[in-house]
Amino acid sequence: MKICNKCGCELVINRNWSIGSKRANHNTCIECFKLYRVKNKEKIKAYRLKYREKYKLYDEIKQDWVKAFKECQGCTLCGYNKCGDVLAYHHVEPKEKTMRISAYNIYHGHKETHNELLKCMLLCSNCHKEIHYLMKHQIIKD
């Protein structure tokens, strides 16, 4: 049995505190944890703001990198490459799609993402909409 480091009571794992949860790894009881949160409300708030700002900057860097990556490739059909935000990956065979292509996946270069990108072609917004229109109206098959 675990014992709370603050008050010395026995830590009981209940339905609100499952073994797989973050709280299960702590050495304080829920009451002491709640008391800590009340006493350190401003400290916790400042930490969260700092954390958000740090990752907001990281996300901006990641998105800029992905935009530049797309701009280097350009649209497969018309060659447009002026704005990476306008370019999107289109699955050539929609039935074979196993995951969504996102900036996170492209930036981190997971093997699954690489395999998924091989099933796609990069299209500008106009070409992408045109292909979906043609597919919807059975002019070209899936």
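Laboratory data are not the source of any read-out in this text; all were calculated from the coordinates shown. Not measured: the values here are computed from a predicted model.
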- Given Lys62/Lys111; Lys95/Lys129; Lys67/Lys136; Lys2/Lys43; Lys54/Lys82, which pairs have Cα atoms separated by over 25 Å? Lys67/Lys136; Lys2/Lys43; Lys54/Lys82
- Message: From the phi angles alone, apply the Karplus equation (6.51, -1.76, 1.60; θ = phi - 60°) to segment 51-59 and give each ³J(HN,Hα) in whole Hz, x where the residue is Gly or Pro.
- Response: 5, 4, 5, 4, 7, 5, 5, 4, 5
- Message: List the residues, sorted by chain then number, that are 5 or more residues from Ile3 or on another chain and whose placed amide H is less than 5 Å from its amide H.
- Response: Leu11
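Pulled fully out, how much extra length does the chain show between Glu10 and Leu77, if you take 0.36 nm times their separation in residues and subtract their Cα-Cα distance?
Difference between extended and current length: 17.5 nm.
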- Using θ = phi - 60° and the Karplus relation 6.51 cos²θ - 1.76 cosθ + 1.60, list the HN-Hα couplings for segment 29-40 in order, rounded to whole Hz, with x at every Gly or Pro. 6, 5, 5, 5, 5, 4, 4, 4, 5, 5, 5, 10
- Pull out the extension gain between Glu130 and Ser102, defined as 0.36 nm times the separation in residues minus the alpha carbon to alpha carbon distance; nm, one decimal. 7.9 nm
- Note on the structure: Scalar couplings 3J(HN,Hα) for segment 118-124 by Karplus 6.51 cos²θ - 1.76 cosθ + 1.60 (θ = phi - 60°), nearest whole Hz, x for Gly and Pro, are 5, 8, 10, 10, 7, 10, 6
